[in-house]
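Shown next, in structure tokens, is the structure this report addresses.
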């Protein structure tokens with residue numbers, strides 16, 4: 001079981017990394033979302049298998065036996081929420097960039113790399 | 001106690017008015033001072049746990065030493081940033097939520113400095129990333145979008161690596177509490193799983209703090225942010241990454257875990273040299289200082305990579321010095337931009353004639369960055385170089401000195417271009433008082449550290465000791 005999950009996580013992450021290496025911003029976005037899914041599978045594996053006592057149960061109290069570790073599941077839930085929020089924010093930024101430049105190519109981001117032309121005065125901070 | 005402070009901060013996020021933000025920053029500053037006093041006197045652990053769970057399971061905050069000291073510094077920087085922002089941030093940006101995002105960022109940074117849990121550290125990193133993204137894209141200009149996408153992609157990649165490392169560690173040890181982890185991992189040598197986890201964690205955190213193979217995102221995204229925000233980023237965000245690196249390498253894996261140090265040394269040397277060189281090639285002032293921000297992280301990593309208490313001590317001292325100086329440098333750039341209307345070195349000049357007080361206030365962080373004796377940078381560099389010699393890595397010390405020389409050249413040219421060169425055909429405006437006041441706070445702090453280094457040195461020593469003790 002663990003091996004199966006480990007291979008699943010590896011396959012998901014491999015696909016995600018391949019997508020992140022693309023130049024298309026939407027692919028990068030989807031790749032990052034997929035990558036966090038892969039890591040969530042890893043977290044799941046870390047918490048689920050084996051009968052190791054989770055740190056939740058102190059000596060003298062009644063143990064849960066073979067149950068899955070609830071802490072790992074709490075961690076995954078948190079990670080899903082955070083990953084979701086970040087994906088949405090990144091998607092918003094990509095859409096804004098697409099609206100202003102009409103391009104989804106990462107090479108067009110290099111506009112930020114160009115040093116300011118001293119002749120063009122920027123509008124002031126306020 | 002500060003947990004409550006952080007929570008209050010989060011609740012006040014709705015308050016967009018500048019006054020609220022100033023008051024909150026002031027409260028946090030006072031709270032942080034009290035916290036540091038308690039942490040140094042009563043011993044390290046003042047544990048606050050939310051949610052009624054026993055310690056090590058609930059969401060714990062604890063004022064351990066390096067963190068508590070850094071909270072004070074970050075509160076100082078944020079306060080100065082709020083004062084500076086009085087002139088630099090117009091009503092349009094305030095309506096866009098500048099204050100709320102800034103407070104959220106500060107809360108996230110302080111949370112990371114105080115948390116006792118590896119997973120919480122990750123959560124605070126993500127929160128800081130979200131707030132920072134909001135600040136970078138505040139004006140929705142083309143360059144900002146580019147910088148933000150780069151920042152977001154790199155930030156998410158780094159965070160995912162950290163999370164993967166956390167998953168592996170949890171799988172091996174069954175706990176995420178920093179102190180317990182240090183105890184468990186300190187006893188056994190590196191196995192395949194812990195070594196992989198360490199590599200993932202160090203890689204992700206190195207990305208967050210901008211160390212060399214992963215530094216490309218930093219200068220462009222910092223240059224895109226509104227200036228007071230860029231100053232706070234420079235002061236807090238990379239240092240937050242480095243603080244986590246410090247805790248993970250020196251605290252959790254322990255200084256005995258020498259399998260990490262050779263890689264860290266190479267990374268540190270490459271960061272110092274490459275970024276100091278890159279800074280020389282820049283003409284956009286924000287990108288120039290952005291590269292210096294990264295180069296300074298290289299010095300801290302050099303201290304940490306010695307894997308000796310003296311090295312950790314040097315890294316903590318350097319962190320305090322560098323947070324204040326970097327933020328102040330960005331404030332200075334904002335003032336220059338306000339006075340001359342240009343971000344480009346070629347378009348600036350004449351500051352010393354029109355704003356002599358500014359020229360002096362700007363010289364303090366500049367000279368401190370270069371490591372000129374009476375200022376804080378000298379002591380910080382001295383500690384790092386001495387630790388490197390003592391740790392048997394003379395080549396690293398030489399690299400640090402060469403990088404310092406490059407820094408002096410770059411800083412000297414920046415200051416003389418902006419202040420001494422006369423600007424023909426254009427009037428140089430006066431710098432508003434609140435910008436000067438913001439800079440004065442931080443310049444004063446730099447001078448104070450420079451003249452009384454032993455106060456900070458004591459805190460740094462105690463921090464190194466506290467980190468070394470974590471596992472025992």
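Please verify whether residue A:9 is more than 7 Å from every other protein chain (Cβ to nearest Cβ), buried (at least 16 other Cβ atoms within 10 Å of the Cβ) and modelled with pLDDT of 85 or more, treating the condition exactly as stated. Yes: the conditions hold for residue A:9.
Would you confirm whether or not the stretch B:252-259 contains a residue that is touching a residue at least 60 places away in the same chain (Cβ under 8 Å) and surrounded by 24 or more Cβ atoms within 10 Å (Cβ to Cβ)?
Yes: one or more hits.
Within 14 Å of another protein chain (Cβ to nearest Cβ) and either more than 27 Å from residue B:134 (Cα to Cα) or assigned to a loop (DSSP other than H, G, I, E, B) (or both) - does that describe any residue in the stretch B:271-278?
yes
Would you confirm, using the coordinates I've provided, whether residue B:293 is part of a helix (DSSP H, G or I), within 18 Å of residue B:246 (Cβ to Cβ) and under 15 Å from the mean Cα position of the chain (by Cα)? Yes, satisfied.
At least 2 residues being surrounded by 24 or more Cβ atoms within 10 Å (Cβ to Cβ) is the threshold, and among the helices (runs of 4 or more DSSP H) wholly inside the stretch B:330-400 those reaching it are B:356-370, B:376-390. Residues in the stretch B:146-156 that are facing chain A (nearest Cβ under 9 Å), under 20 Å from the mean Cα position of the chain (by Cα) and crowded, with 24+ Cβ neighbours inside 10 Å: B:147, B:148, B:152, B:155, B:156. Candidates B:130, B:168: the one that is at the interface with chain A (Cβ under 8 Å from one of its Cβ atoms), in a helix (DSSP H, G or I) and surrounded by fewer than 22 Cβ atoms within 10 Å (Cβ to Cβ) is B:130.
Here's the yes/no breakdown for (1) more than 11 Å from chain B (Cβ to nearest Cβ); (2) assigned to a helix (DSSP H, G or I); (3) modelled with pLDDT under 85:
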| position | (1), (2), (3) |
| --- | --- |
| A:15 | yes, yes, no |
| A:30 | yes, yes, no |
| A:72 | no, yes, yes |
| A:81 | no, yes, no |
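Of everything listed in (1) surrounded by fewer than 24 Cβ atoms within 10 Å (Cβ to Cβ); (2) more than 11 Å from chain A (Cβ to nearest Cβ); (3) farther than 17 Å from residue B:233 by Cα, the single unmet condition for residue B:143 is (2).
The values are calculated or read from the model by the stated rules, or taken from the named source; none is laboratory data. The structure presented is a predicted model; accordingly, all values stated were derived computationally and were not measured. Positions of Cβ are generated from backbone atoms using ideal geometry, with glycine treated the same way; all protein chains shown enter the neighbour counts.
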